[in-house]
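Below is one structure, written out as structure tokens, with a few remarks after it.
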Amino acid sequence: MVKAAETSWTVAHILKHLEQSGSEENRAGMARFGIDMTRAFGVPMSVLRPFARKIHKSNDLALDLWASEIHEARLLAILITPPKEMTDELARSWLDDTHSWDLCDQLTNVLARRTDSDKLVSELASDTREFVRRAGFALIAWRAVHAKSSPDSEFLGYLDLIRKMSTDDRNFVWKAVHWALRQIGKRSIELHGPALALGEDLAASSDKTARKVGRETVKELSSDKVLARLGTK
């Protein structure tokens, strides 16, 4: 049963708490990791996650927090949104406003827990905007973790899309592309072979970015740790 938000947690109260929890040191650290700090207090996820649990799930409060345009308030909005409330329309709307990889990844982490979110993958991955395209591949990666009941055929179906977009050299795209391919390969022994084969193929590509995607994939999927977990070593 989802707990209701505490009535004491108003948007103003939350923003004040966030401002007090931030620091210039954290702002600088987040900026070094490529996070847009235009409207941010510098509050780490290690603080935001327990704070979100204290607030509890609330779609209405999440919408108001997102509207504040404060970076950490938007992260909180994602964290307190019940997966069933992360609709296609809401995901599209929030992604339109997203200019940081952490917002993108947290949003798709929630979205991936919704049973039919796979229907958004092709649309997002085909979008030319950097963080929307990233969202498509982040969604694949998270579904490989969370969509326990989905058949392997779903993930085999993403391999052509991964190959097609493996030449996108934008930093936050190519890293999400190899993240998706690695997660597919780690999902099951049946998926490991096809994902590794694609990684090896890309590693031999004439395209510089595709080679990076391939090398990162092969490195992880050939590791002792992954092979042992899948029972192939």
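The values are calculated or read from the model by the stated rules, or taken from the named source; none is laboratory data. Please read all numbers here as calculations on a predicted model, not as lab measurements. Every residue, glycine among them, receives a Cβ derived from its backbone with ideal geometry; neighbour counts consider all protein chains shown. Surface accessibility is based on the protein's heavy atoms, side chains included, excluding ligands, DNA and RNA. Shrake-Rupley method; radii C 1.70, N 1.55, O 1.52, S 1.80 Å.
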Quiz item: In terms of modelled amide H atoms, which long-range or inter-chain residues lie less than 5 Å from the amide H of MET37?
Solution: none
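Set the bar at 31 Å for Cα to Cα. Now go through LYS54/LYS84; LYS84/LYS225; LYS148/LYS175; LYS16/LYS148; LYS57/LYS119; LYS54/LYS164 and name every pair that lies beyond it.
Checking Cα-Cα distances, LYS84/LYS225; LYS16/LYS148; LYS54/LYS164 exceed 31 Å.
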Practice problem: Report the full-extension gain for the segment ARG211 to SER223: residue separation times 0.36 nm, less the Cα-Cα distance, to one decimal in nm. | Solution: 2.5 nm
Quiz item: Which three semi-axes in whole Å describe the equivalent ellipsoid of the chain, each the square root of 5 times a Cα gyration tensor eigenvalue, listed largest first?
Solution: 33, 19, 16
Quiz prompt | Accessible surface ranking that places the most exposed of MET30, MET86 first, with a 1.4 angstrom probe | solution = MET30, MET86
Exercise. Taking amide H positions as placed in the peptide plane 1.01 Å from N, state which residues far from LYS57 in sequence (5 or more) or on other chains have amide H under 5 Å from it.
Key: LYS3
Quiz item: Under the Karplus relation 6.51 cos²θ - 1.76 cosθ + 1.60, θ = phi - 60°, what is the ordered set of whole-Hz ³J(HN,Hα) values for the stretch 183-188, x standing for Gly and Pro?
Solution: 5, 4, x, 8, 5, 7
Quiz item: Which ³J(HN,Hα) values, rounded to whole Hz and listed in residue order, are derived for the stretch 92-100 from phi using the Karplus coefficients 6.51, -1.76 and 1.60 in 6.51 cos²θ - 1.76 cosθ + 1.60 with θ = phi - 60°, glycine and proline given as x?
Solution: 4, 4, 5, 5, 4, 9, 8, 10, 9
Practice problem: Just flag the GluC sites (Glu not before Pro) in the stretch 1-82 sitting in loop per DSSP whose Cβ has no more than 13 other Cβ atoms within 10 Å. | Solution: GLU6, GLU69
Quiz item: Ignoring ligands and nucleic acids, what accessible area does SER122 show with a 1.4 Å probe (Å², nearest 10)?
Solution: 70
Self-check item: Binned Cα-Cα distances of the stretch 48-115, short to long, each 5 Å bin given as a whole percent
Solution: 4, 19, 34, 30, 12, 2
Quiz prompt | Hull volume in cubic angstrom per residue (convex hull over the Cα atoms of the stretch 141-233) | solution = 82
Quiz item: Looking at SER149, ASN171, SER117, which one has the Cα that reaches farthest to the positive end of the dipole of the stretch 95-183 (charges on Cβ: Lys, Arg +1; Asp, Glu -1)?
Solution: SER149
Self-check item: Mean accessible surface per residue for the stretch 23-110, computed with a 1.4 Å probe while every protein chain stays in place, in Å²
Solution: 45
Exercise. Count charges around LYS175 for me, please; just the other residues with Cβ under 10 Å from its Cβ, Lys/Arg as +1, Asp/Glu as -1.
Key: +2
Quiz item: Taking R0 as 35 Å, what's the FRET efficiency between ASP152 and THR128 from their Cβ-Cβ distance, rounded to 0.05?
Solution: 0.75
Quiz item: How many percent of the accessible area of the chain is carbon or sulfur, using a 1.4 Å probe?
Solution: 51
